[in-house]
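Working notes for the structure below.
Just so you know, all these numbers are worked out from the coordinates, no wet-lab data involved. A quick note: this is a predicted structure, and the numbers were derived from the prediction, not measured. Neighbour counts run over all protein chains shown; Cβ positions are idealised from the backbone, glycine included.
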Amino acid sequence: MAAAPAGACAGLVGPAGSVELLRTSTLAAHVDGVEHYITSFEFAGGGAELGSLVPLPGVPTEVERGGDWTLQRLAREVQPVEAFAQRLAAEDSAAGAPAEVLLETKIDALELTVLRGGGGAVGDWARQHGFRLTPDAPEVLDFYAERSPIFLAARFDAPAARDRGQPVGTGTPVHLTIPTDEPWVPLRILGLGRDSAEVVDADVFLLTERWPRLLAGGSGLELERRERATSLLLDDLRSDAGMGWVPDEAWFTHLQVDASAGELDYDLAVSTDPTERPSPRAAGVLSPEGVPLPVPGGLDVPWLPGVVVLGLAGLVGTLAVAGRRRAARA
């Protein structure tokens, strides 16, 4: 049986039940020092409640319903029309202190809470609110809390969805506005609670005002497209609900995650300043040492300690990949 694709970019922490998080996509756009993080929570299954946690690079100033079809339009941009139609048919802070609730809101059948706290505190909050954490949750939450103590907790209320007539498998887009100078996209969270051999399959879209430099903390992330966005794409995105902030000109980047949950122990860091390399720490490489890791289709060039810089045919720029050096066992 084929492994089910994972949603980007959240980890399941819900109580037992027959509700399943389906595959979704994520847009991380950085405009005027603000990250617009748009994802869609899409659940299928029975009558249980289910929730997920999303690590964030900063405190959102606004959490609102996302555009009705922004993510679908981006998917259509990178897929042939036939493949896109088939896909739609197939899918139809301080240690010891308690987590602080910064914001609460509800969108459709999603109850959303922005939290600030250490990994343990956020885990305690989740348990107190009916979530059953998987055994790997404490390590993953600590991994993120070391860089940012901000998390988004999303609870899907299946009975509420039925009451409002929301069909099973219908996604709920969520748009977070986050002021930050160092955007990054959480990827490790996708493997939360999954068997180490289970394949994580997800799409990541970036929209930036300048050509982005990218740093991944490991292998399994492929750069599919990085180019100037067409006027047609930008006009289409801007016409969706709540998307008036889309700039007149931008760079469009599409990456695909295709890695086992055991391999996906890193994130994606982004720098929109051509003179600055993305932070290895933001990519989840917390150790100062690293070893070069191959990227399919990349061309090796001289690299700095801990970071490989890869030239990509037809592109003026770099995709940097850093990995952790694991000590050999005696």
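Annotations for the structure displayed:
- Amide hydrogen neighbours beyond the local backbone of residue 225, cut-off 5 Å, H modeled: 254
- The separation of region 97-127 from region 204-223, counted between C-alpha centres, amounts to 28 Å.
- Sequence-distant residues sharing a close amide H with residue 34 (under 5 Å, placed H): 180
- Region 176-203 and region 258-286: distance between their alpha carbon centers, rounded to Å: 11
- Pairwise label distance in nanometres, residue 210 with residue 241, each label 7 Å out on the Cα-Cβ vector: 3.5
- Rounded to 0.05, the FRET efficiency of the residue 275 and residue 224 pair, given R0 = 22 Å and the Cβ-Cβ distance, is 0.30.
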